[in-house]
1. Would you confirm, using the coordinates I've provided, whether Arg79 is open to solvent by 30 Å² or more (accessible area, probe 1.4 Å), more than 30 Å from Ala31 (Cα to Cα), assigned to a loop (DSSP other than H, G, I, E, B) and among the charged types (D, E, K, R)?
2. Could you tell me which residue of segment 221-239 is modelled with the highest pLDDT, considering only residues that are of a type in the set (Val, Ile, Thr) and crowded, with 19+ Cβ neighbours inside 10 Å?
3. Here's a check for you: in segment 163-180, which residue that is of a type in the set (Val, Ile, Thr) and surrounded by fewer than 23 Cβ atoms within 10 Å (Cβ to Cβ) is nearest to the chain's Cα centre (by Cα)?
4. Test each condition in (1) touching a residue at least 40 places away in the same chain (Cβ under 8 Å); (2) assigned to a helix (DSSP H, G or I) for Ala72 and report the one that comes out false.
5. If Leu160 satisfies every condition in (1) at pLDDT 95 or above; (2) surrounded by fewer than 21 Cβ atoms within 10 Å (Cβ to Cβ); (3) more than 22 Å from Ser63 (Cα to Cα) but one, which is the exception?
6. Might you check whether a residue that is open to solvent by 10 Å² or more (accessible area, probe 1.4 Å), part of a helix (DSSP H, G or I) and at pLDDT below 95 occurs anywhere in segment 129-146?
7. Residue check: is Ile43 of a type in the set (A, V, I, L, M, F, W, C), under 20 Å from Tyr190 (Cα atoms) and in a loop (DSSP other than H, G, I, E, B)?
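The values are calculated or read from the model by the stated rules, or taken from the named source; none is laboratory data. Predicted model, so just to flag it, every value in this text is computed and none were measured. Here Cβ is always computed from backbone atoms with ideal geometry, including for glycine, and neighbour counts include all displayed protein chains. Heavy atoms of the whole protein, side chains included, go into the accessibility calculation; ligands, DNA and RNA do not. Shrake-Rupley method; radii C 1.70, N 1.55, O 1.52, S 1.80 Å.
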Amino acid sequence: MKYIPALLTLVVTTTFVVSPALTDPFSGFRADQLPNPQINPPIQPAGYAFAIWGLIYGWLVVSAVFGIWKRAEDPDWNRARWPLIVSLAVGTPWLAVANASAVWATVLIFVMAAGAILALLWAPARDRWWLQVPVGIYAGWLTAASFVSLGSTAAGYGLLTEALGWAYIGIVAALCVAAIVLWQRRAPSYGLTIIWALVGIMIANGTAEWTVTALAGVGILAIVGLLTVVTATGQKVPS
């Protein structure tokens, strides 16, 4: 029975990777999904940044196949697998949900991010390239994407502030989460993915919304600094 988590991981990874082919494409919430349409909100990275999903899908498949082949009953892998299973299972219908409801899509992507982050924190230090790195990239992108979704949806409903204000809030909140994760787990793949998202935000905003670009730039420096510190000190690396 100890192989069941490995099998479930392979199954939900497969459904997660296949789901985009069975769902209408999603490139942001449509104008008719929000009371105040959000067309290219300042918190959203440039389109090219979403190409990272190709890397995420491919590496998660490799990880799942390796896991069931070589680590099917490994208790350390199984501990990380359970939150990853939840994240991928929730992520399988996410595109369909996002095309129907911005609010529910935002709720679900935070569940996905929480599961992915927990899986990263619980991933064993060994087999780093087979589990920790792909999960770190997945968790890093979901950390950024969850606050993109929140910022777009909240601005679309006119909560607290407008799109520019939510760009500031989203970037700062994502950086706070990233800092906590990186302090708990030395995971360069997670930090570099956050940087990838921030660079995408800088390119999307350019000089048109220079304050957002500047804040994203400061965020990149902060992540680089934190990665340098935790790497130098060996901060909290689980065995």
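1. Working: open to solvent by 30 Å² or more (accessible area, probe 1.4 Å): yes; more than 30 Å from Ala31 (Cα to Cα): yes; assigned to a loop (DSSP other than H, G, I, E, B): no; among the charged types (D, E, K, R): yes.
No.
2. Ile223
3. Start the filter on segment 163-180 by keeping residues that are of a type in the set (Val, Ile, Thr), which leaves 169, 171-172, 177, 180.
Now narrow it down to the ones that are surrounded by fewer than 23 Cβ atoms within 10 Å (Cβ to Cβ): 169, 172, 177, 180.
Details: Ile169: 17, Val172: 15, Val177: 11, Ile180: 15 Å.
Taking the candidates together, the pick is Val177.
4. Single failed check for Ala72: (2).
5. All conditions are met except number (1).
6. Taking every residue of segment 129-146 in turn, none turns out to be open to solvent by 10 Å² or more (accessible area, probe 1.4 Å), part of a helix (DSSP H, G or I) and at pLDDT below 95.
7. So Ile43 fits the description; yes.
Yes/no per residue for (1) part of a helix (DSSP H, G or I); (2) among the polar types (S, T, N, Q); (3) crowded, with 20+ Cβ neighbours inside 10 Å:
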| site | (1), (2), (3) |
| --- | --- |
| Lys2 | no, no, no |
| Thr14 | yes, yes, no |
| Phe50 | yes, no, no |
| Trp53 | yes, no, no |
